[in-house]
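Let me begin by presenting the structure, written as structure tokens, before commenting on it.
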Amino acid sequence: VQLQASGGGLVQPGGSLRLSCVVSGYTMSSYAMGWFRQAPGKEREFVSSIIWSGTSTSYADSVKGRFTISRDNAKNTVYLQMNSLKPEDTAVYYCAASDHPYARNRRGDFNSWGQGTLVTVSS
């Protein structure tokens with residue numbers, strides 16, 4: 001089981017990025033998927049999640065209205081569209097999979113993790 005995240009980079013405040021996470025080794029369709037992030041000196045925190053069917057999503061309050069999570073089960077890929085980025089969004093972003101198909105925001109429910117992609121928001 002492998003999760004490969006990509007799409008990070010340097011962006012100015014107010015800009016946008018789209019992160020992608022490709023899952024290999026198993027079929028993603030029965031798993032909830034999530035994005036977490038870890039800023040320097042801070043603990044890893046929940047950002048967003050989407051249940052197995054894609055019909056329900058969850059967001060941290062800090063990103064609600066700016067970030068959108070989606071999934072394409074046919075491509076075994078989950079996305080995180082990030083708009084109106086702020087300097088405090090700077091972090092390494094990790095995608096994660098949960099074999100609890102309705103997992104939401106508990107880090108412990110996610111049992112497979114990608115390697116992370118760095119997002120830096122700075123002028």
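The values are calculated or read from the model by the stated rules, or taken from the named source; none is laboratory data. None of the values given here were measured: they were computed from a predicted structure. As a convention, Cβ positions derive from the backbone with ideal geometry for all residues, glycine included, and neighbour counts pool all protein chains shown. What goes into the accessible areas is simple: the full protein's heavy atoms, side chains included, and nothing from ligands, DNA or RNA. Shrake-Rupley method; radii C 1.70, N 1.55, O 1.52, S 1.80 Å.
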Could you tell me which of Pro87, Gln4, Ser112 has its Cα farthest along the dipole of the chain towards the positive end, charges placed at Cβ (Lys, Arg +1; Asp, Glu -1), taken about the Cα centre?
Pro87
Rounded to one decimal in Å, the inverse mean reciprocal Cα-Cα distance for the range 54-96, i.e. its Kirkwood radius, is 11.7 Å
To the nearest 20 Debye, how big is the dipole of the chain about its Cα centre, given +1 on the beta carbon of each Lys and Arg and -1 on that of each Asp and Glu?
100 debye
Could you identify which residue out of Ala91, Ala103, Ala74 has the top mean-square fluctuation in a GNM of the chain using Cα springs shorter than 10 Å?
Ala74
Over all distinct Cα pairs, what is the inverse of the mean 1/r for the chain, reported as the Kirkwood hydrodynamic radius in Å?
14.0 Å
Show me, for the range 116-123, the HN-Hα J-couplings you get by feeding each phi into the Karplus relation (A = 6.51, B = -1.76, C = 1.60, θ = phi - 60°), rounded to Hz, glycine and proline as x.
x, 9, 7, 10, 10, 10, 7, 9
Within the range 4-67, DSSP-loop trypsin sites (Lys or Arg not before Pro) with at most 13 other C-beta atoms within 10 Å are Lys42, Lys64
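Using a 1.4 Å probe on the protein heavy atoms, what percent of the accessible area of the range 1-80 belongs to carbon and sulfur?
Roughly 47 percent, rounded to a whole number.
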Counting only protein heavy atoms and rolling a 1.4 Å probe, one gets per residue an accessible area for the chain in Å² of 50 Å²
